[in-house]
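Just so it is clear, none of the values below were taken in a lab; they were calculated from the coordinates. From a predicted model like this one, the values you see are computed outputs, not experimental measurements. For neighbour counting, all protein chains shown are included, and Cβ atoms are generated from backbone atoms with ideal geometry for every residue, glycine included.
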Amino acid sequence: MNSANTEKETDTTETAATEPVPALEATGEAVLGPMVDAMNPACRREVSVEIPAEVAGKTWDNLVKRYSRVARVPGFRKGKVPATVIRRRYAEEIKTDIIESLVPQYFREVVEKEGLRPMSQPIVRELEMEEGQAIRFKAAFEVLPKIELGAYNDIRVERTAVNVSDEDVAGELTKLQERQGSYDPVDEDRALVDGDFAQVSFEAVPKEEAAAEGVAPEGAKPQQPIHMDEVLVEIGGANTVNEFNENLRGVKPGDEPAFDVVYGDDFYDARLAGKTLHYKVKVNAIKKKSVPELNDDFAKELSPDFPTLDSLKQRIREGMEMELKHKAEHEAKEKLVAQLIEQHSFPVPNALVERQVDLRLERGLRALASQGMSTEDMRKMDFRRLRVAQRPDAEKEVRANLLLSEIADAENIQISDEELEQEIENMARQLNQTAESVKQKLAEDGSADRIRNRMRTDKALDLLLSKSE
């Protein structure tokens, strides 16, 4: 999970918003204790708020009237319940409604008057609320720190030199040649050897279930066996699981070997990582791979854009150079951001860090889901440990975003409506949606300003990179 704002491909990636939190959420009883303690003391602010008695009283009376019209109380007809009964019977509900109606409004007025920009949902404490009296409370929240920019224009980084050799091009051409290969059946009666491709069908079950002969432990839900047909396995292949190499080498078509495969915790497929599976494999056929000859016909077969093999090589070289330039720029930006963070010391609101942790975890879970991990398996993950592990990088991303936002202000970097429109169109193409549908979604969740701010920080980072070389 790389730092946001350091790679163009992550332009649509969310980062913790640094816009002020406009509303205050209160639910009757004030909440203090751990939630306030979780705030960064250097970023914590507190305001005292008073709602005039006449305003509170008028709201209270209006709510009593509203409840009287709809309340159903035994012994009274609907709409005829006396106000005294309503005030007594629904006192807590009326208090909650008053809090939700008045507290956010008067909190906003106070923080705007004092020129504060809350970065976290405020926590209400010392709430004083009695009918006929003014409502008083204190609200604690976090604000952005004051950042004194250092000599950011003096940061220097070097980009890795981009050099694509003939050998590099030849290697990519060989990979392309391999991908265009065909698999031909071997008619002779012989066993599998290295370099062959075994065409197999198999069934795999977790080892503990196989050992129990299909009987799952009481209360446990047995997993469905993994069944695959007509799979090609390269014997001795670099990407072939070793147990398949060992147990299929020397086997003939028609044979049905059975064996276990132990997958490491870091196995690339999250569905198998850390598990042991018992495989029952049937070898259906032996195949040999043949690849086309590298000549002008090979290039033409790929695309009419390549009339000769040399034209294909040139396109490969250009593509590799572009990829390496992009990688070098990304690495340079990461180094630049690291120096920028090291150069500036300031407190960070914990609320922003926690939001960034949430975003990083959401991206990680989406990636796992795209790899096939089930929701049930995700629920088994230790999210407390994952949050702790994500926090250091999340804090760096927040620091980088705050610094780049400050630099964008200092350099008067702006994003025009036309640039924002173009970015939304780019997002729509990536998401395979219409620009109008993306605009509508952004309008509904208020994300347009966040995208504009992210574009500003991207511009600021590009500016720093141009000055750093």
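Please list, or write none, the lysines whose alpha carbon is within less than 20 Å of the alpha carbon of Lys396, excluding same-chain residues fewer than 8 places away. The qualifying lysines are Lys8, Lys146, Lys333, Lys335, Lys459.
Of all lysines in the structure, those lying under 22 Å Cα to Cα from Lys175, and not within fewer than 8 positions of it along the same chain, are Lys287, Lys288, Lys289, Lys300, Lys313, Lys325, Lys327.
Convex hull volume per residue, computed on the Cα atoms of the chain, equals 251 Å³. Taking the fewest neighbouring Cβ atoms within 10 Å as the starting point, the ordered list for Thr276, Thr59 is Thr276, Thr59.
Dividing the Cα radius of gyration of the stretch 324-469 by 2.2 N^0.38 Å, with N the residue count, gives 1.20. Between Val55 and Glu131, the modelled labels are 2.2 nm apart [label points 7 Å from Cα along Cα→Cβ]. For the stretch 246-343, the residue among Val281, Met320, His330 whose Cα projects farthest onto the positive side of the dipole built from Cβ charges is Val281. Between Ala191 and Ala258, the simple label model (points 7 Å from Cα in the Cβ direction) yields a spacing of 2.1 nm. In plain terms, the residue of Lys138, Lys467 with the fewest other Cβ atoms within 10 Å comes first and the most crowded comes last, giving Lys467, Lys138. Three principal axis extents describe the C-alpha atoms of the stretch 105-186; from largest down they are 93, 50, 17 Å.
From the residues Phe137, Thr160, Thr96, which one has its Cα farthest along the dipole of the stretch 35-184 in the positive direction, the dipole being from +1 and -1 charges on Cβ of Lys/Arg and Asp/Glu about the Cα centre? Farthest along the dipole direction, towards plus: Thr96. A simple charge model with +1 on the Cβ of Lys and Arg, -1 on the Cβ of Asp and Glu and nothing else charged puts the dipole of the chain at about 2900 debye relative to its Cα centre.
Enumerate by residue number the GluC sites (Glu not before Pro) in the stretch 281-358 meeting two conditions: DSSP loop (anything except H, G, I, E, B), and at most 13 other Cβ atoms within 10 Å of the site's Cβ. Taking the stretch 281-358 and a limit of 13 other Cβ atoms within 10 Å, the loop GluC sites (Glu not before Pro) found are Glu293.
When both the stretch 250-282 and the stretch 115-168 are represented by their alpha-carbon centers, they are found 49 Å apart.
From least to most packed, judged by other beta carbons within 10 angstrom and beginning with the fewest, Glu203, Glu421 follow the order Glu421, Glu203.
Listed by chain and number, the lysines placed with their C-alpha closer than 29 angstrom to that of Lys80 are Lys58, Lys65, Lys95; residues fewer than eight positions away on the same chain are left out. With N the number of residues in the stretch 182-290, Rg(Cα) / (2.2 N^0.38 Å) evaluates to 1.16. Summarising the overall dimensions of the stretch 32-142 from its C-alpha atoms, the Rg and Dmax are 17.2, 57 angstrom. Tally Lys/Arg at +1 and Asp/Glu at -1 over every other residue whose Cβ is under 15 Å from the Cβ of Asn295; what's the total? Charge balance near Asn295 sits at -3.
Summing charges over all other residues whose Cβ lies under 12 Å from the Cβ of Leu336, with Lys and Arg as +1 and Asp and Glu as -1, gives -3.
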